[in-house]
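Here the structure comes first, spelled out in structure tokens, and everything after it is commentary.
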Amino acid sequence: MTSNDARLRERAAAVVPGGMYGHLNTAIFTPGFPQFFERGDGCRQFDVDGREYLDFMCSWGPVVLGHRHPRVEEAVAAQQSRGDCLNGPGPIMVELAELLVDTVPSADWALFAKNGTDATTQALMVARAATGRATVLKAKGAYHGADPWCTPIPTGTTEANRADLIDFAYNDLASAEAAADAAAGDVAAIIVTPFKHDSFADQELAEGVFSRGLRALADRVGAVLILDDVRAGFRLDLRGSWETFGVRPDLTAWSKAIANGYPLAALTGTDALREAAASLYTTGSFWFSATPMAAAKATIETLRDEDGPARMARAGTLLRDGLREQADRHGLAIRQTGPVQIPWLAFAEDTSLERAACWTAACLELGVYVHPWHNWFLSTAHGDEDIAAALERTDIAFARTAARFGAA
């Protein structure tokens with residue numbers, strides 16, 4: 001019998017270019033991943049054929065409290081009963097901006113948008129408006145969104161879209177300094193992620209000398225330091241992901257986890273950039289919708305009240321320790337990289353991703369949704385029992401992988 005998922009793919013192919021697009025297109029994954037999902041509940045998702053998965057992708061990051069979190073859904077329902085997309089924003093916009101300013105030490109103001117790409121692009125605009133310069137320094141291979149200036153697949157773009165970008169190597173301060181020198185006094189901004197999370201590669205935590213060095217470099221050349229906290233924001237530290245280094249950016253881009261799955265992004269910044277931010281024309285038809293803002297306020301308050309980052313760190317540590325013990329027991333060499341709240345697992349000597357494909361396919365069949373080449377995400381809904389249930393299944397997946405490839 002043809003599955004519901006297969007029928008939906010066939011219908012989508014007739015009306016959607018390529019049948020799907022972007023990072024949600026399972027055609028670019030290893031085989032077996034479902035394309036369409038019916039619902040989510042806590043740390044579980046259910047596809048359109050009724051299969052249940054322990055979810056370690058969290059909708060690629062936005063779900064930080066678990067699917068359909070009661071406090072968030074209550075705030076959403078209350079706001080929807082009053083209105084969502086109105087002639088102007090609701091009072092919730094001011095309340096959310098105040099909450100961000102109170103929560104994030106580097107934030108004196110906030111602007112809102114819909115996607116992480118909106119926020120990073122706004123950040124570049126603010127930096128250029130403030131400095132009167134054009135050049136932006138960025139880490140080579142870093143993902144900052146899908147606009148022409150930053151999309152990882154440049155089809156449909158021109159060389160001019162990227163003419164004002166200069167790359168440096170992540171965690172290599174000398175490389176960043178050389179890039180600044182190459183700009184010859186024209187550096188408007190340095191944009192950087194809080195850790196290196198490129199796909200198909202080990203994640204790399206930022207080094208203190210690098211993060212503090214970028215802060216000093218930006219100050220020395222009169223540039224704006226932008227932290228792209230879209231992926232990591234609110235999972236590592238509610239105050240901002242580089243607070244642990246004592247590094248405060250001039251601008252921070254937020255999205256993904258800000259509203260527990262409701263569409264919202266934010267840009268926060270310092271008073272020194274307030275006038276430049278006010279000078280922009282940047283907007284969208286749905287940017288001021290009240291419902292996602294209500295969801296965001298409830299999300300951030302819940303993370304604050306329940307110490308969400310610490311809860312996710314506990315779950316992530318249990319998962320990482322369990323996976324390491326299982327791999328060792330089965331004679332499989334693995335690498336686990338990145339923060340425990342945003343983990344990734346790779347197999348040694350697996351450049352073709354055959355082992356990763358085998359293991360993740362087995363996990364999927366057993367009801368654990370992980371990914372072979374993109375980092376995963378934890379949520380506060382991942383409790384000890386959920387991690388234990390997942391580890392029972394990943395152990396079987398390791399056994400199958402060892403049986404196929406042998407100890408390595």
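Here are a few things to note about the model shown:
- If you go through the stretch 215-230 and keep only what is out of contact with any Phe, Trp or Tyr (no Cβ under 8 Å at 6 or more places or on another chain) and within 22 Å of Tyr143 (Cα to Cα), you end up with Arg215, Leu217, Ala218, Ala223, Val224, Leu225, Ile226, Asp228.
- Annotation note: Cβ proximity below 8 Å between a residue of the stretch 92-113 that is over 18 Å from Asp271 (Cβ atoms) and a residue that is surrounded by fewer than 19 Cβ atoms within 10 Å (Cβ to Cβ) and of a type in the set (S, T, N, Q) (sequence gap 6+ or interchain) occurs for Ala113/Thr282.
- When the residues of the stretch 184-205 are filtered to those that are crowded, with 20+ Cβ neighbours inside 10 Å and among the hydrophobic types (A, V, I, L, M, F, W, C), the one that is nearest to Ala129 (Cα to Cα) is Ala188.
- Condition broken by Thr291, with the remaining ones in (1) in contact (Cβ under 8 Å) with a residue 24 or more places away in the chain; (2) among the β-branched types (Val, Ile, Thr); (3) surrounded by fewer than 22 Cβ atoms within 10 Å (Cβ to Cβ) satisfied: (3)
- Residues located in the stretch 329-343, provided they are over 19 Å from Gln203 (Cβ atoms) and buried (at least 17 other Cβ atoms within 10 Å of the Cβ): His330, Leu332
- When the stretch 89-99 is limited to residues that are part of a helix (DSSP H, G or I) and either in contact with a Lys or Arg (Cβ under 9 Å, 6 or more places away or on another chain) or not assigned by TED's automatic domain parsing to the domain that holds Trp287 (or both), the one that is farthest from Ala294 (Cα to Cα) turns out to be Leu99.
- Filter result for Ala129 (at pLDDT 95 or above, over 23 Å from Ser285 (Cα atoms), assigned to a helix (DSSP H, G or I) and out of contact with any Asp or Glu (no Cβ under 6 Å at 6 or more places or on another chain)): yes
- Residues (surrounded by fewer than 20 Cβ atoms within 10 Å (Cβ to Cβ) and closer than 17 Å to Val104 by Cβ) located in the stretch 295-328: Glu301, Thr302, Arg304, Asp305, Asp307
- Residue, surrounded by the fewest Cβ atoms within 10 Å (Cβ to Cβ), within the stretch 227-263, restricted to residues that are among the β-branched types (Val, Ile, Thr) and over 14 Å from Pro339 (Cβ atoms): Val247
- Looking at Thr299, Thr291, Thr282, Thr351, just one residue is assigned by TED's automatic domain parsing to the domain that holds Val230 and at pLDDT below 95, and that residue is Thr282.
- Scanning the stretch 150-157 for residues that are of a type outside the set (Ser, Thr, Tyr) and not in a loop (DSSP other than H, G, I, E, B) turns up nothing.
- Taking the criterion of being hydrophobic (A, V, I, L, M, F, W, C) and surrounded by fewer than 19 Cβ atoms within 10 Å (Cβ to Cβ), the residues of the stretch 273-286 that qualify are Ala278, Leu280, Phe286.
- Filter pass, Leu54 being surrounded by fewer than 16 Cβ atoms within 10 Å (Cβ to Cβ), within 26 Å of Thr360 (Cα to Cα) and assigned by TED's automatic domain parsing to the domain that holds Gln341: no
Matching residues to (1) crowded, with 22+ Cβ neighbours inside 10 Å; (2) under 21 Å from the mean Cα position of the chain (by Cα); (3) among the acidic types (Asp, Glu); (4) within 24 Å of His144 (Cα to Cα):
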site	(1), (2), (3), (4)
Asn87	no, no, no, no
Val94	no, no, no, no
Val104	yes, yes, no, yes
Asp108	no, no, yes, yes
Phe112	yes, yes, no, yes
Ala119	yes, yes, no, yes
Ala123	yes, yes, no, yes
Ala127	yes, no, no, yes
Ala130	yes, no, no, yes
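The values are calculated or read from the model by the stated rules, or taken from the named source; none is laboratory data. These numbers come from a predicted model, not from an experiment. Here the Cβ is made from the backbone with ideal geometry for all residues, glycine too, and neighbour counts use every protein chain on show.
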